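Written below as structure tokens is the structure these notes are about.
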Amino acid sequence: MRALTWHGKRDVRVDTVRDPEIVNPRDAIIKVTSTAICGSDLHLYNGLIPALTPGDILGHEFMGEVVDVGKDNKKLKKGDRVVVPFVIACGHCFFCEKQLYAACDNSNPADKADISEMLYGHRAGGFFGYTHLTGGYAGGQAEYVRVPYSDVGPIVVPDGMEDDEVLFLSDILPTGWMAAENCEIKEGDTVAVWGCGPVGLFAVQSALIMGAGQVIAIDHYPHRLELARKFGAKAVNFRNTHVYEALVEMTGGIGPDAVIDAVGMESHGFAVDNLYDYAKQKVMLETDRPHVLRQALYACRKGGRVSVPGVYGGFVDKFPAGAFMQKGLTLRTGQTHMQRYMPKLLDLIREGKVDTTFLISHRLPLEQAPKGYHKFAFEQNETTKVVLKPGMQ
Ligand SMILES: NC(=O)c1ccc[n+]([C@@H]2O[C@H](COP(=O)([O-])OP(=O)(O)OC[C@H]3O[C@@H](n4cnc5c(N)ncnc54)[C@H](O)[C@@H]3O)[C@@H](O)[C@H]2O)c1
Ligand SMILES: [Zn+2]
Ligand SMILES: [Zn+2]
């Protein structure tokens, strides 16, 4: 089959690779009909997350048709159309029982788990197409993919719903939703969201649904800010506005009740600490560039909530522990516990309460995936989301 494979920093290629097969009785094989490129894939593309091997298949946002099922899978059958969450979870371990699916203790195989155990103190969960830190599973930017524990993750798509409507249940919609939920929003709260990429834009929508009185969206790409504005957010362009001062002014002097870092380890900008982070990252003295995390902690009101869906991979410098402690902030974060949110969000899409189709700027054949990566990485203003179609010529 054909699949998008990683070969090094900013070097991804569509290669012919071996077809996947059923390995365990709870597996399924999916013929992919749509698969998207995520901001998380850019961290791999930019060579910032370790533990990839040349030839690894990327992709963790995908959906398609079930073409084979293992004998112990009682949930799926051939022909089902499913959306697959990026998180692989067994459904029965200590963490899955608590619905902390992204922390599943069984999905990252023992022979891979020691890398993440060393880095994080405990093994990471298993994710599709996301390095050997998270299981080394082949991803879904491919014609076919093996889905382990496929009786837990995939959700069957109701008849009549298009791929474009439901594809983002695989990651970014639940991620934006959990980011807003982690803000514990009370009616009328002000929520500031850094980053108007797909995750930030779904966090904006989710915060408004959850009752936020004012959502302030921060980015430097005018088109992305415009999308946030269409949902009712107030836009702040950090290129021409002092973010902290704007937030203080827009909240009567006290700061936002909750803040969301939907940017993660690759903050842009030219503030002094941005330049410091760029330099330290270049010489590998710091793995991540946490400018937004610092700014969010600094701007949040006393006693406020800080939600971090943005991905951090390793270690950061100049974490403002003083602001965090002295203001009594609450910090919540994590890879999204996908399976917890997918059914409810599917209902919200069906009821027309969440808009998922506004985001797609490019639909490309799988063969053009390298072009899609380049656009999503370097033309971010106009490239809001790239969907790859393995069946498209
Ligand atoms: N927690 C999870 O489970 C999960 C799931 C999916 C994605 N993510 C992470 O969420 C983050 C966002 O993903 P995405 O797909 O929206 O990515 P993206 O790259 O499309 O968007 C990031 C946005 O942040 C903006 N930005 C950069 N520096 C900024 C700054 N200083 N201030 C304000 N905005 C700034 C960029 O201009 C861009 O629009 C990534 O780190 C991704 O890895 C996490
Ligand atoms: Zn993703
Ligand atoms: Zn589990």
Pair list, Cβ < 8 Å and 6+ apart or interchain, from region 373-391 residues that are touching a residue at least 60 places away in the same chain (Cβ under 8 Å) to residues that are in a helix (DSSP H, G or I) and polar (S, T, N, Q):
L388/Q368
Counting only residues that are at positive phi and within 11 Å of ligand 1 (Cβ to nearest atom), how many does region 189-212 have?
1
Could you figure out which of (1) assigned to a strand (DSSP E or B); (2) acidic (D, E); (3) more than 12 Å from P154 (Cα to Cα) isn't true of E65?
(3)
Among the residues of region 18-43, what is the count of those that are surrounded by fewer than 22 Cβ atoms within 10 Å (Cβ to Cβ) and within 16 Å of ligand 2 (Cβ to nearest atom)?
2
Does G59 satisfy the condition of being buried (at least 19 other Cβ atoms within 10 Å of the Cβ) and either within 23 Å of the chain's Cα centre (by Cα) or within 16 Å of ligand 3 (Cβ to nearest atom) (or both)?
yes
May I ask you to list pairs of residues, at least six apart or on different chains, whose Cβ atoms are under 6 Å apart, with the first in region 223-249 being on the phi > 0 side of the Ramachandran plot and the second being surrounded by 15 or more Cβ atoms within 10 Å (Cβ to Cβ)?
G232/L208
Scan region 133-143 and tell me whether some residue there is over 28 Å from T333 (Cβ atoms), assigned to a strand (DSSP E or B) and away from ligand 1 (no atom under 16 Å from the Cβ).
yes
Looking at region 303-312, is at least one residue of a type in the set (K, R), outside any strand (DSSP E or B) and at negative phi?
no
Candidate set from region 313-347 (those that are in a loop (DSSP other than H, G, I, E, B) and of a type in the set (K, R)); member that is modelled with the lowest pLDDT:
K318
When you scan region 362-375, do you find a residue that is within 16 Å of ligand 1 (Cβ to nearest atom), in the same structural domain as S107 (by TED's automatic domain parsing) and surrounded by fewer than 17 Cβ atoms within 10 Å (Cβ to Cβ), even just one?
yes
How about region 85-140: which of its residues are of a type in the set (F, W, Y), closer than 25 Å to W6 by Cα and surrounded by fewer than 20 Cβ atoms within 10 Å (Cβ to Cβ)?
Y120
Within the bounds of region 196-209, is there any residue that is out of contact with any helix residue (DSSP H, G or I) (no Cβ under 8 Å at 6 or more places or on another chain), under 20 Å from L345 (Cβ atoms) and not in a helix (DSSP H, G or I)?
no
Considering only region 184-203, I want to know if a residue exists there that is over 18 Å from the mean Cα position of the chain (by Cα), more than 16 Å from ligand 3 (Cβ to nearest atom) and without any contact (Cβ under 8 Å) to a residue 40 or more places away in the chain.
yes
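The values are calculated or read from the model by the stated rules, or taken from the named source; none is laboratory data. For clarity, every value in this text was computed on a predicted model and none was experimentally measured. Here Cβ is always computed from backbone atoms with ideal geometry, including for glycine, and neighbour counts include all displayed protein chains.
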